[in-house]
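Coordinate-derived values only; no laboratory data. On a predicted model such as this, the values are computed, not experimentally measured, just so you know. Backbone-built Cβ (ideal geometry, glycine too); neighbour counts: all protein chains shown.
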Amino acid sequence: MLHGMSTSVEPSSERSAAEVNEEIRALWLRSGGTLSVEQREEYQRLVQEWASALPQAAAEAA
């Protein structure tokens, strides 16, 4: 499920790393492989959210 693009960082990621990764992939597809300044900012925010979701994903897999 894709989530709408947001400009704020969520304080605590409620989404799994896989969900955030799906949004990152969708962003790259929409951009055609070249990110605008705004898209780069969104990408950076998503990567931070993805990284913060990783420990949660590892704990759930254990």
- Net charge near N21 (other residues with Cβ under 13 Å of its Cβ; Lys, Arg +1; Asp, Glu -1) is -2
- Message: Give me a comma-separated list of calculated 3J(HN,Hα) values for segment 15-27, in order, Karplus coefficients 6.51, -1.76, 1.60 applied at θ = phi - 60°, integers in Hz, x for any Gly or Pro.
- Response: 9, 6, 4, 5, 5, 5, 4, 4, 5, 4, 4, 5, 4
